[in-house]
Amino acid sequence: MRIKKKILGIILVINILILTSCSKTDPLITFMADESGVKIDKGEELSEFQTIPGFHGDGVKIIKMGFSDGEIEEEIKNSKKWKSLPLEKNLEDFIYEPYDENINIPEIENGYYFFYERNRESIDPYDSSELFNRNSYNFSLAIYNLDTNEMYLIEEDT
């Protein structure tokens, strides 16, 4: 009888671990939802690309999210942290030139973006004007396409 209880307990713990690990939200999605003030974690993750982490976890991560029609549009429009496209020149150059050949985002003309610089030298994390004046790139960027209801989350660490 004791063995059956132990086995049932172990099975219960394993099931709980499996269920909680399956529902985990990617840390980039959680970070961007928290910092941007928009519930992007309610969207559906469509794809993810990540380079193999280099020295100190350097690399790029790109997550493509999908949303139902108009699901977060009003939140974005009402947020002071999101800006209308086009991207600022330095962000446009970084994403579409690209400085990192692993970033392959289609050009989006109708939408919004949110920028957050994680570099410790940054005075204002929402300002990208000093992006190219740093020794490294440590930022997160979300670009929302109003025409397709898709969002690209980009995390760059060098």
Task: Qualifying residues in region 71-86 (those that are touching a residue at least 12 places away in the same chain (Cβ under 8 Å) and not in a loop (DSSP other than H, G, I, E, B)) - the one most open to solvent (accessible area, probe 1.4 Å) - done: Lys77
Open item on the list: Could you list, ordered by first residue, the pairs with Cβ atoms under 6 Å in which the first is in region 144-157 and over 14 Å from Val38 (Cβ atoms) and the second is open to solvent by less than 40 Å² (accessible area, probe 1.4 Å) and among the polar types (S, T, N, Q), at least 6 apart or interchain?
Closed with: Glu155/Ser140; Asp157/Asn138
- [ ] Identify, by number, the condition in (1) at pLDDT 90 or above; (2) among the aliphatic types (A, V, I, L, M); (3) under 13 Å from the mean Cα position of the chain (by Cα); (4) open to solvent by less than 30 Å² (accessible area, probe 1.4 Å) that Val60 doesn't meet.
- [x] (1)
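Being within 17 Å of Asp34 (Cβ to Cβ) and not charged (D, E, K, R) is the filter here, so list the residues in region 55-77 that pass it. Before the answer, list the steps.
To start, the set of residues in region 55-77 that are within 17 Å of Asp34 (Cβ to Cβ) comprises 61, 63, 65, 72, 75-76.
Correct list: Ile63, Met65, Ile72, Ile76.
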Open item on the list: Of all residues being touching a residue at least 12 places away in the same chain (Cβ under 8 Å) and assigned to a loop (DSSP other than H, G, I, E, B) in region 87-98, which is surrounded by the most Cβ atoms within 10 Å (Cβ to Cβ)? Just the residue, please.
Closed with: Leu87
Open item on the list: Of all residues being of a type in the set (Ser, Thr, Tyr) and outside any loop (DSSP other than H, G, I, E, B) in region 99-131, which is surrounded by the most Cβ atoms within 10 Å (Cβ to Cβ)? Just the residue, please.
Closed with: Tyr113
Open item on the list: For Met151, only one of the following conditions fails: (1) modelled with pLDDT of 95 or more; (2) part of a loop (DSSP other than H, G, I, E, B). What is its number?
Closed with: (2)
Open item on the list: Under 7 Å between Cβ atoms, which residue pairs at least 6 apart in sequence (or on different chains) link something in region 124-138 that is farther than 17 Å from Phe114 by Cβ with a partner that is open to solvent by 50 Å² or more (accessible area, probe 1.4 Å)?
Closed with: Arg134/Glu121; Ser136/Thr158
- [ ] Confirm whether Thr25 is surrounded by 10 or more Cβ atoms within 10 Å (Cβ to Cβ), closer than 24 Å to Leu131 by Cβ, modelled with pLDDT of 65 or more and not aromatic (Phe, Trp, Tyr).
- [x] no
- [ ] Would you point out the residue of region 28-57, among those that are among the aliphatic types (A, V, I, L, M), modelled with pLDDT of 90 or more and outside any helix (DSSP H, G or I), that is surrounded by the fewest Cβ atoms within 10 Å (Cβ to Cβ)?
- [x] Leu46
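The values are calculated or read from the model by the stated rules, or taken from the named source; none is laboratory data. Quantities reported herein were computed from a predicted structural model and do not represent experimental measurements. Every residue, glycine among them, receives a Cβ derived from its backbone with ideal geometry; neighbour counts consider all protein chains shown. These area figures cover heavy atoms from the full protein model, side chains too; ligands, DNA and RNA do not enter into them. Shrake-Rupley method; radii C 1.70, N 1.55, O 1.52, S 1.80 Å.
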